[in-house]
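Peer 1: Attaching a single structure in structure tokens format; questions to follow.
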Amino acid sequence: MNRIIDLFYKKKKNILNVYFTAGHPKLHDTAEIISSLEQSGVDLVEIGMPYSDPLADGTTIQNSSQIALKNGMNLLLLMDQITSARKVTQLPIILMGYYNQVMQFGEERFLNTAKDAGVDGMIIPDLPMDVYEEQFQSLFNKYGLTISFLVTPETSDARIRQADKLSTAFLYVVSKSSITGSSGDISDKQKAYFNHLNTLDLHTPRLIGFGIHDKHTFETACQYAHGAIIGSAFIRALEGEGTLEDKTVGFISKIR
């Protein structure tokens, strides 16, 4: 069974998905960060494929992508790093990136290479759902990879239901209409949006992302979904002083 699907089958709440950018802070940190996240008790790891124009990402992730690209990160190297990490971990791994990266690599070649490396699923925010359904759904099924689509407070109920139907891992619930990296508490307006999703009788597990940055926002999000995603706050922690292991364990210990 796919590791992500197995995770959601076995665990129904308080799922912690942590995002980091491959090649940041240093080029060959990927496997060590994955190992440290597993040691810290994280449920799911989301690895960002560095890209020059990450449309959904805020300053923190944009900067980490620029650093990673300058460090020399590329998709083939990332696949090699995940292959190495797979020798010591069974933590579910998602790749997050943009369709242009996949297209330039070659769509089926990308999916095949990712599967061989030990990747379990994909998040491609700018891949239209109808294009996925018409052109790529069969390829994802062929290689046993999941996909998660995003919904926002502006997404119509019809498109939410379409995203729910097509997502094979979890539904990525964008907490508010903004790019990643925002801070502050979760507002009553956001909670009303989460509650609305809960009334739609959706079938796919949901993780809430964008603006989840500490213990309080994580625990609040978990009241309305199966778990939450933390990215920018973790990347900022990685940029601090200390070893990767100490920074990772220290950060996650403050979340739960």
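Values in this text are rule-based calculations from the coordinates and carry no lab data. In this text the structure is predicted, and so the values were computed from the model without any measurement. Ideal geometry is used to build each Cβ from the backbone, glycine not excepted, and the neighbour counts take in all protein chains shown.
Peer 1: Sticking to Cα atoms, compute the Rg of the stretch 1-62 to one decimal and its Dmax as the biggest Cα-Cα distance, whole number, in Å.
Peer 2: For the stretch 1-62, the Cα-based Rg and Dmax read 13.5, 37 Å.
Peer 1: May I pose another question? Work from the charge dipole of the stretch 156-256 (Cβ charges, +1 for Lys and Arg, -1 for Asp and Glu, about the Cα centre) and give the residue of 167, 209, 184 farthest towards its positive end.
Peer 2: Farthest towards the positive pole: 167.
Peer 1: Specify, per residue and in Å³, the volume enclosed by the convex hull of the alpha carbon atoms belonging to the chain. Mind showing how you got there, number by number?
Peer 2: Values: hull volume 28.9 nm³, N = 256.
Spelled out: Cα convex hull of the chain, divided by residues, is 113 Å³.
Peer 1: Need the full-extension length gain, residue 133 to residue 241, defined as separation in residues times 0.36 nm minus the C-alpha distance. One decimal, nm.
Peer 2: 34.4 nm
Peer 1: Also, I was wondering about something else. With an 8 Å cut-off on Cα pairs and a minimum separation of 6 or more residues, tell me the relative contact order of the stretch 1-149 in percent.
Peer 2: The value is 25 percent.
Peer 1: To the nearest 500 deg cm²/dmol, what mean residue ellipticity at 222 nm is calculated for the chain from DSSP H runs of n ≥ 4 alone, each contributing -39,500 (n - 2.57), summed and divided by the residues?
Peer 2: Theoretical 222 nm ellipticity from helices: -13000 deg cm²/dmol.
Peer 1: Further question on the same structure: Could you work out how much longer the chain between residue 6 and residue 143 gets when fully extended? Use 0.36 nm per residue separation minus the Cα distance between them, nm to one decimal.
Peer 2: 47.7 nm
Peer 1: Go through 12/176; 115/176; 191/215; 12/142 and tell me which ones have a Cα-Cα distance over 25 Å in this structure.
Peer 2: Those over the limit are 115/176; 12/142.
Peer 1: Along the positive direction of the dipole of the chain (beta-carbon charges: Lys, Arg +1; Asp, Glu -1; about the Cα centre), which of 252, 232, 158 reaches farthest?
Peer 2: Highest projection toward the positive end goes to 252.
Peer 1: Can you give the relative contact order of the stretch 79-184 as a percent, counting alpha carbon pairs under 8 Å and 6+ residues apart?
Peer 2: Over the stretch 79-184, the number comes to 24 percent.
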